[in-house]
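Working notes, structure below.
Quick note: the coordinates plus some simple rules give every number you see, no bench work behind them. Computed from a predicted model, the values in this text were never measured in an experiment. FYI the Cβ positions are ideal-geometry reconstructions off the backbone, even for glycines, and counts take in every protein chain you see.
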Amino acid sequence: MRRLFRRSILWLLPVVVAPLGALLVMQYKTLRSLESKSASAQRNWLRNSLEIATDEVEDRYRHDSAAALTIPAAELPDVTTLGHHFARHHVSGARTYFAMRFSGNMYETGYFDSRGKEKLPMEGEAEAVKMATVSWHVAHKWNRIVPQPGLFVDERESEHRVILRPVIDPSMHVVGAVGVVLDEALSREAMLEIATPILHKRSPESKLLIGAYIPRTSGGRDLISQPLGFVFTNWRAGIRDMCMSPEEVAAADFRHNAMWTGGAFFVLLGAVALAIGAVMRQTRLSQMKSDFVSNVSHELRTPLSSIRVFGEYMRLGRVTQADKVREYGEYIEAESRRLTALINNILDFSKIESAEKQYRFCDADVTDLVERTVAAFAVPLRDQNVVIAFHPPAAPPPLLRVDKDALGQALVNLLDNAIKYSNGTNEIDVRVTASRDSVRISVRDHGIGIPVVEHKKIFEKFYRAGSGLVHDVKGSGLGLSIVQHVAQAHGGRVEVESAAGEGSTFTIVLPGGGQAILPVRTGEIACPPLRRENA
Ligand code: ADP
């Protein structure tokens, strides 16, 4: 009972626990994803992502401008060095770099493109630059001391936004200014280039918009937006809110739950069906085992009591005629042979079950082996009108590597069944046929036959076909499972042709030189030299 329980548990593990575990994991993942898609969670996440992206844009502008607009006062008059400098330090979205040198009320300005080449300012650029630098020019004229000036942004002319830094000489007086004029289109492109990868890493479906005007909604969704810092401060960066509406969340939730609940239901249904199947199989097996015990005890007891009775007769001297003594002796011999066969089957079965069965393969003449086995089997049946006809093959087949004892025992099992289930028709044909790649040993009877539905099951251990006729005959239910094991150990198989009431033909098919299809233990023995008598 405990073994049955343990086996059922082993069954339940893969069929119930594993699918349920998988379902739980999937359900957990779904809930987590729903949670992350919930309106507020997603909105917070997007807002946070947008903040990180705009911070990065701001940092990049500050950092690049600081590098491009840091120039020692001594270099200010030298336009060539400045050109090289601007060519090496680029500010994203820059259209024109400029350097201005103050000299009293006068000033001189040089303009450069992004490759550091001198150029003329665009329309409006010179005015924007003048407007941005005028207060530093005044500071120059008034000789003001300016300690460590930073970057200044002038966005009064929105088409020509200027970032500039005053140039200070060692005495901390302003001697000029360097700066960059930003282009709106180039800057938008540059900002999108900086921010998009950061956003996509955090929220792959998000769509970023940057500009002076950001709509409140886009594609039916609210837009989350925030102003830019440092430069383009009247612009906003906006991100489309991909989060679901509460109705959508509820619908998705319902869909997922319905799906997983349905899945769980079917998995459980399947598991219950499998568990019931397993329990039924186990019950059938234990029923078969108890039948086996009662059948085997009967099988053992019957020949033993015959042997005892005949032995007693002979010991008491009740039989004196020579032919009677021989007859009783033959009975005793035949019954003990049956006992030996039965005990061999049981021993073999237990070895097969515990994987201890060893086969000893030697080259053998299969025809000779079959003929001898049939002859020995027929001796005790002489007086029972049993006719066992042996049909050798037309040409002797090649020698095969076989375990003679195991093959002989398999054949005895088939012959024994042919007699047991002959239903009074005592004609049996044993045939050996050989083809190019196999040797077939078949045993044909004209007995009760086997319904086609039973053909597979009769090879199971302890299985006995269900017909009433079979139950009149005692048996262990082990014979055919041993025959099949022996055939498979030789790399072969057992075939059955039969129908109810029409007799049966069992054939052991041995491959010419095939591999064993069961992992069998083979014993090392010295094979006796082979003599082929009829060769
Ligand atoms: P046993 O004969 O001891 O019951 P076997 O394993 O040899 O066990 O056979 C299993 C079942 O196959 C038998 O119970 C019987 O129903 C069926 N069977 C085997 N051989 C024959 C046969 N020659 N004719 C009819 N039925 C057979």
Problem set entry | Pairwise label distance in nanometres, E75 with V453, each label 7 Å out on the Cα-Cβ vector | 9.9
Exercise. Helix 2-12 versus the longest principal axis of the chain: what is the Cα-based angle in degrees, 0 to 90, to the nearest 10?
Worked result: 40
Seminar exercise, completed: The longest stretch of the chain containing none of the chymotrypsin sites (Phe, Trp or Tyr not before Pro) that sit in a DSSP loop with at most 10 other Cβ atoms within 10 Å is 214-535
Exercise. Amide H of D222: which non-local residues (sequence gap of 5 or more, or other chain) have their own amide H closer than 5 Å, using H built in the peptide plane?
Worked result: D241
For this session: Using 0.36 nm per residue of separation minus the Cα-Cα distance, give me the extension gain between E193 and A22 in nm, one decimal.
Result: 57.4 nm
Exercise. So who's got an amide H within less than 5 Å of the one on A237, skipping anything under 5 residues away but keeping other chains? H placed 1.01 Å off N, in plane.
Worked result: Q226, L228
For this session: Mind checking the range 39-125 for trypsin sites (Lys or Arg not before Pro) that DSSP puts in a loop (not H, G, I, E or B) and that have at most 14 other Cβ atoms within 10 Å?
Result: R115, K117
Exercise. Roughly speaking, what is the stretch gain from T233 to I52, that is 0.36 nm per residue apart minus the C-alpha to C-alpha distance, in nm to one decimal?
Worked result: 63.5 nm
Problem set entry | Estimated 222 nm signal from helices in the chain, with DSSP H stretches of n ≥ 4 weighted -39500 (n - 2.57), rounded to 500 | -16500 deg cm²/dmol
Exercise. For the range 209-214, what does the Karplus curve 6.51 cos²θ - 1.76 cosθ + 1.60, with θ = phi - 60°, yield as ³J(HN,Hα) per residue in whole Hz, taken in order and with x for Gly and Pro?
Worked result: 10, 9, x, 6, 10, 10
Exercise. When the Karplus curve 6.51 cos²θ - 1.76 cosθ + 1.60 is applied with θ = phi - 60°, which whole-Hz ³J(HN,Hα) does each residue of the range 404-417 get, with x for Gly and Pro?
Worked result: 4, 5, 5, 5, x, 5, 4, 5, 4, 4, 5, 5, 4, 5
Problem set entry | Table column - 3J(HN,Hα) (Hz), the range 423-430, Karplus curve with 6.51, -1.76, 1.60, x for Gly and Pro | 6, x, 8, 8, 10, 10, 10, 10
Seminar exercise, completed: In terms of the alpha carbon gyration tensor, root eigenvalues a ≥ b ≥ c, rounded if a/c is under 1.5 and otherwise prolate when a/b exceeds b/c or oblate, the chain is prolate
Exercise. How much length is gained on full extension from H391 to R88, taking 0.36 nm per residue of separation minus their Cα-Cα distance?
Worked result: 98.8 nm
For this session: Taking amide H positions as placed in the peptide plane 1.01 Å from N, state which residues far from R95 in sequence (5 or more) or on other chains have amide H under 5 Å from it.
Result: V181, L182, D183
Exercise. Using the alpha-carbon atoms, what tilt in degrees (0 to 90, nearest 10) does helix 366-378 show relative to the longest principal axis of the chain?
Worked result: 50
For this session: Starting from the Cα of K351, draw a straight line to each of the aspartates and glutamates and keep only those under 20 Å, dropping any in the same chain fewer than 8 residues away.
Result: D403, D405, E460, E524
Exercise. How far apart, in nm, are two points set 7 Å out from the Cα along the Cα-to-Cβ line at S40 and at S171?
Worked result: 6.4
